[in-house]
Amino acid sequence: MNATDRTLADAIVTLLAQRAPGATICPSEAARRVDPDAWRDLMPEARRVAGDLVADGRIEMTQRGETVDPATARGPVRLRYPRDRHESGG
């Protein structure tokens, strides 16, 4: 994992920790936190890093409220902590 990946992962976890239990974030929020001016360029990395966090069981990726597989999800997604876990920062 390179420095940008670590920064994105930290941003995802931090943003989720700041939300109410069950609340979601968009991967773009993490990308914006890492680079407010060039966040769009970071979107592929943000989704990939989110997928890594999903694979590690740390978060879930959803579409229309349903959990999805990051490898097959297309279009807008949201990120959340797993519903059976109450994390405070990863």
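So here's what we get for this one:
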{"quantity": "Residue selected from the range 35-45 under the condition exposed (fewer than 15 other Cβ atoms within 10 Å of the Cβ) and over 12 Å from the mean Cα position of the chain (by Cα), by the criterion nearest to R78 (Cα to Cα)", "calculated": "R40"}
{"quantity": "Given (1) under 22 Å from N2 (Cβ atoms); (2) modelled with pLDDT under 95; (3) touching a Phe, Trp or Tyr at 6+ places or on another chain (Cβ under 8 Å), number of the condition E87 does not satisfy", "calculated": "(1)"}
{"quantity": "Tabulated pairs, the range 64-79, first closer than 19 Å to R19 by Cα, second at pLDDT 95 or above and part of a loop (DSSP other than H, G, I, E, B), C-beta under 7 angstrom, 6+ apart or interchain", "calculated": "V77/V68; R78/T24; R78/C26; L79/T24; L79/I59"}
{"quantity": "Answer residue from the range 17-34, given it is within 9 Å of the chain's Cα centre (by Cα) and not β-branched (V, I, T) and is nearest to D5 (Cα to Cα) among those", "calculated": "A30"}
{"quantity": "Number of the condition not met by R32 [criteria: (1) in contact (Cβ under 8 Å) with a residue 12 or more places away in the chain; (2) within 18 Å of A11 (Cβ to Cβ)]", "calculated": "(1)"}
{"quantity": "Options D52, D37: the member that is of a type in the set (D, E, K, R) and either under 16 Å from M1 (Cβ atoms) or part of a helix (DSSP H, G or I) (or both)", "calculated": "D52"}
{"quantity": "Residue in the range 6-15 that is free of Cβ contacts under 8 Å to residues at least 40 places away in the same chain and in contact with a Gly (Cβ under 9 Å, 6 or more places away or on another chain) present", "calculated": "yes"}
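The values are calculated or read from the model by the stated rules, or taken from the named source; none is laboratory data. Note that the structure is predicted; figures quoted are calculated from it, not measured. Here Cβ is always computed from backbone atoms with ideal geometry, including for glycine, and neighbour counts include all displayed protein chains.
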